[in-house]
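The values are calculated or read from the model by the stated rules, or taken from the named source; none is laboratory data. All of these numbers come straight from a predicted model, not from anything done at the bench. Ideal geometry is used to build each Cβ from the backbone, glycine not excepted, and the neighbour counts take in all protein chains shown.
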(Lines give C-alpha, C1' and ligand atoms only; values in the text may rest on other atoms or scores of the structure.)
Protein backbone atom coordinates (compact mmCIF):
# COMPACT_ATOMS: atom_id res chain seq x y z
CA UNK A 1 0.00 0.00 0.00
CA UNK A 2 1.23 3.49 -0.83
CA UNK A 3 0.24 6.87 0.53
CA UNK A 4 -1.30 9.22 -2.03
CA UNK A 5 -2.00 12.93 -1.55
CA UNK A 6 -3.66 15.60 -3.69
CA UNK A 7 -3.87 19.25 -2.74
CA UNK A 8 -5.09 22.58 -3.98
CA UNK A 9 -3.14 25.49 -2.56
CA UNK A 10 -3.62 29.25 -2.24
CA UNK A 11 -7.00 29.29 -3.97
CA UNK A 12 -8.64 32.73 -3.58
CA UNK A 13 -12.43 32.91 -3.52
CA UNK A 14 -14.63 35.91 -2.81
CA UNK A 15 -17.52 35.06 -0.46
CA UNK A 16 -19.92 36.50 2.11
CA UNK A 17 -19.25 34.60 5.36
CA UNK A 18 -19.22 36.25 8.78
CA UNK A 19 -21.07 37.08 11.97
CA UNK A 20 -21.47 40.77 11.24
CA UNK A 21 -24.07 42.21 8.84
CA UNK A 22 -21.47 44.19 6.90
CA UNK A 23 -19.54 40.96 6.16
CA UNK A 24 -22.66 39.51 4.54
CA UNK A 25 -23.13 42.70 2.48
CA UNK A 26 -19.55 43.60 1.50
CA UNK A 27 -18.02 40.13 1.33
CA UNK A 28 -14.35 39.32 1.61
CA UNK A 29 -11.51 37.36 0.03
CA UNK A 30 -10.71 33.93 1.42
CA UNK A 31 -7.70 31.71 0.74
CA UNK A 32 -8.12 27.94 0.79
CA UNK A 33 -5.69 25.07 1.05
CA UNK A 34 -7.15 21.57 0.87
CA UNK A 35 -5.20 18.32 1.22
CA UNK A 36 -6.84 14.97 0.53
CA UNK A 37 -4.86 11.88 1.47
CA UNK A 38 -5.56 8.22 0.77
CA UNK A 39 -3.87 4.87 0.69
CA UNK A 40 -3.63 3.44 -2.80
CA UNK A 41 -2.58 0.34 -4.66
CA UNK A 42 -0.45 2.60 -6.93
CA UNK A 43 -2.37 1.51 -10.00
CA UNK A 44 -3.28 4.84 -11.59
CA UNK A 45 -2.87 3.49 -15.15
CA UNK A 46 -3.07 7.06 -16.47
CA UNK A 47 -6.84 7.21 -15.84
CA UNK A 48 -8.44 10.17 -14.03
CA UNK A 49 -11.05 7.76 -12.62
CA UNK A 50 -8.25 6.11 -10.61
CA UNK A 51 -7.21 9.36 -8.94
CA UNK A 52 -8.57 12.01 -6.61
CA UNK A 53 -9.55 14.67 -9.15
CA UNK A 54 -8.39 18.05 -7.85
CA UNK A 55 -10.81 19.87 -10.16
CA UNK A 56 -13.65 18.08 -8.37
CA UNK A 57 -12.19 19.19 -5.00
CA UNK A 58 -12.12 22.78 -6.28
CA UNK A 59 -15.74 22.53 -7.48
CA UNK A 60 -16.80 21.41 -3.99
CA UNK A 61 -14.93 24.35 -2.44
CA UNK A 62 -16.64 26.83 -4.79
CA UNK A 63 -20.07 25.34 -4.07
CA UNK A 64 -19.61 25.44 -0.28
CA UNK A 65 -18.09 28.93 -0.35
CA UNK A 66 -21.15 30.22 -2.23
CA UNK A 67 -23.42 29.49 0.77
CA UNK A 68 -22.81 32.14 3.48
CA UNK A 69 -22.42 30.96 7.08
CA UNK A 70 -21.30 32.69 10.27
CA UNK A 71 -18.09 30.80 11.08
CA UNK A 72 -14.98 29.75 9.17
CA UNK A 73 -15.08 26.55 11.22
CA UNK A 74 -18.42 25.72 9.60
CA UNK A 75 -17.06 26.43 6.12
CA UNK A 76 -14.03 24.18 6.68
CA UNK A 77 -16.13 21.37 8.16
CA UNK A 78 -18.67 21.57 5.33
CA UNK A 79 -15.94 21.39 2.68
CA UNK A 80 -14.29 18.38 4.35
CA UNK A 81 -17.57 16.50 4.84
CA UNK A 82 -18.68 17.13 1.26
CA UNK A 83 -15.36 15.90 -0.13
CA UNK A 84 -15.55 12.80 2.05
CA UNK A 85 -19.14 12.12 0.98
CA UNK A 86 -18.31 12.48 -2.72
CA UNK A 87 -15.27 10.20 -2.78
CA UNK A 88 -15.70 6.45 -2.96
CA UNK A 89 -12.45 5.74 -1.08
CA UNK A 90 -11.56 6.33 2.54
CA UNK A 91 -9.62 9.58 2.84
CA UNK A 92 -8.19 12.04 5.34
CA UNK A 93 -8.90 15.68 4.59
CA UNK A 94 -7.24 18.85 5.83
CA UNK A 95 -8.92 22.17 5.07
CA UNK A 96 -7.23 25.46 5.88
CA UNK A 97 -9.24 28.61 5.25
CA UNK A 98 -8.08 32.17 5.82
CA UNK A 99 -10.15 35.35 5.80
CA UNK A 100 -8.18 38.32 4.51
CA UNK A 101 -8.47 41.52 6.55
CA UNK A 102 -10.96 40.24 9.13
CA UNK A 103 -13.05 42.90 10.92
CA UNK A 104 -10.76 43.38 13.94
CA UNK A 105 -9.66 46.96 13.34
CA UNK A 106 -6.63 45.91 11.27
CA UNK A 107 -5.74 47.14 7.82
CA UNK A 108 -4.01 43.87 6.92
CA UNK A 109 -3.56 40.31 8.13
CA UNK A 110 -5.87 37.34 8.17
CA UNK A 111 -7.61 34.89 10.43
CA UNK A 112 -7.20 31.18 9.75
CA UNK A 113 -9.02 27.99 10.68
CA UNK A 114 -7.60 24.51 10.12
CA UNK A 115 -9.93 21.49 10.15
CA UNK A 116 -8.88 17.85 9.78
CA UNK A 117 -11.26 14.98 9.07
CA UNK A 118 -9.92 11.42 9.30
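Here are a few things to note about the model shown:
- Filter result for residue 82 (free of Cβ contacts under 8 Å to residues at least 24 places away in the same chain, surrounded by 13 or more Cβ atoms within 10 Å (Cβ to Cβ) and more than 27 Å from residue 109 (Cα to Cα)): yes
- Close Cβ contacts (under 9 Å, 6 or more residues apart or on different chains) running from residues in the range 5-22 that are at negative phi and part of a helix (DSSP H, G or I) to residues that are exposed (fewer than 15 other Cβ atoms within 10 Å of the Cβ) and modelled with pLDDT under 95 comprise 22/103.
- Flag for residue 89 being at pLDDT below 90, surrounded by fewer than 17 Cβ atoms within 10 Å (Cβ to Cβ) and touching a strand residue (DSSP E or B) at 6+ places or on another chain (Cβ under 7 Å): yes
- Only one of the numbered conditions (1) surrounded by 13 or more Cβ atoms within 10 Å (Cβ to Cβ); (2) at positive phi is violated by residue 109, and that is (1).
- Residue within the range 66-75 that is part of a loop (DSSP other than H, G, I, E, B), farther than 13 Å from residue 117 by Cβ, out of contact with any helix residue (DSSP H, G or I) (no Cβ under 6 Å at 6 or more places or on another chain) and free of Cβ contacts under 8 Å to residues at least 24 places away in the same chain present: yes
- Total residues in the range 24-52, condition in contact with a strand residue (DSSP E or B) (Cβ under 9 Å, 6 or more places away or on another chain), surrounded by 13 or more Cβ atoms within 10 Å (Cβ to Cβ), touching a residue at least 24 places away in the same chain (Cβ under 8 Å) and more than 18 Å from residue 77 (Cα to Cα): 7
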